[in-house]
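Structure first, then comments.
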Amino acid sequence: MKIRFLIPLAFVFCCLLSACQQTTDSNAQPSLAVVDMARVMRESEPGKAGVKFLEGMQAEMQQKLDAVQAKLEKNPKDEAAQQELQQLYMASQQRIQMEQQNVANRLYDMMQRVLNAYREQQNYTVIIAADVAAAYSPSVDVTSAVIAEVNKQKMSFTPLPEPAATPAPATADPLQDAPAPAEAPQKASEEVTGEAPASK
């Protein structure tokens, strides 16, 4: 059965659905705004760039898996290919999760800065995410304005550095660890001294 390498890209959206809530004056009437962070991710240029980058990484990893699977289809009993497929699949899963987390963190940090700056510029007391608001008037929805501000941010995404390879354990030197040869048994005293035994 062919293995498909599929990681839901909705993971990135879930990481970004957060609210920016700050109060500047407890005595003043709070002014509220609502932003749809999922829409910001879908429609903003940095969000699209992040998703496109992850999709490209996923496609590249799938191609590597397909190549190994093709070898197994020709020779299903190839144990080396079976082991290679298993290791490659696990490594690909870990790698794409790391890449997703990195993209989500970078987008979150950037959008948080944009939201804080926009809130201060517009004198809002609180900006909350639309998914946590029970009900709100469309007049307080600032999603389109936030998307315009996010689009001013230029972001590019590159793969994370490859993890350093673990050095193989040093192999023992068979000559060094070989036991020392046993000493030859001591010859008889007459052979050492060359004297003949005394006659009776």
Please label the shape of the range 92-150 as rounded, prolate or oblate, based on the square roots a ≥ b ≥ c of the eigenvalues of the alpha-carbon gyration tensor (a/c under 1.5 means rounded; beyond that, a/b larger than b/c means prolate, else oblate). prolate
Can you pull the one-decimal nm distance between simple spin-label points at GLU60 and ALA117, each 7 Å off the Cα toward Cβ? 3.0
Of the peptides 69-79, 140-150, how do they stack up when ordered by the mean number of other Cβ atoms within 10 Å, highest first? 140-150, 69-79
Quarter of the surface of the C-alpha convex hull for the range 10-159, i.e. direction-averaged projected area in nm², equals 11.0
Could you work out the relative contact order of the range 10-159? I mean the mean sequence separation of Cα pairs under 8 Å and 6+ apart, divided by the number of residues, in percent. 52
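Where a number appears in this text, it was derived from the coordinates with a stated rule and is not lab data. None of these values were measured; they are calculated from a predicted model. All Cβ positions, even for glycine, are placed from backbone atoms using ideal geometry, and neighbour counts span all protein chains on display.
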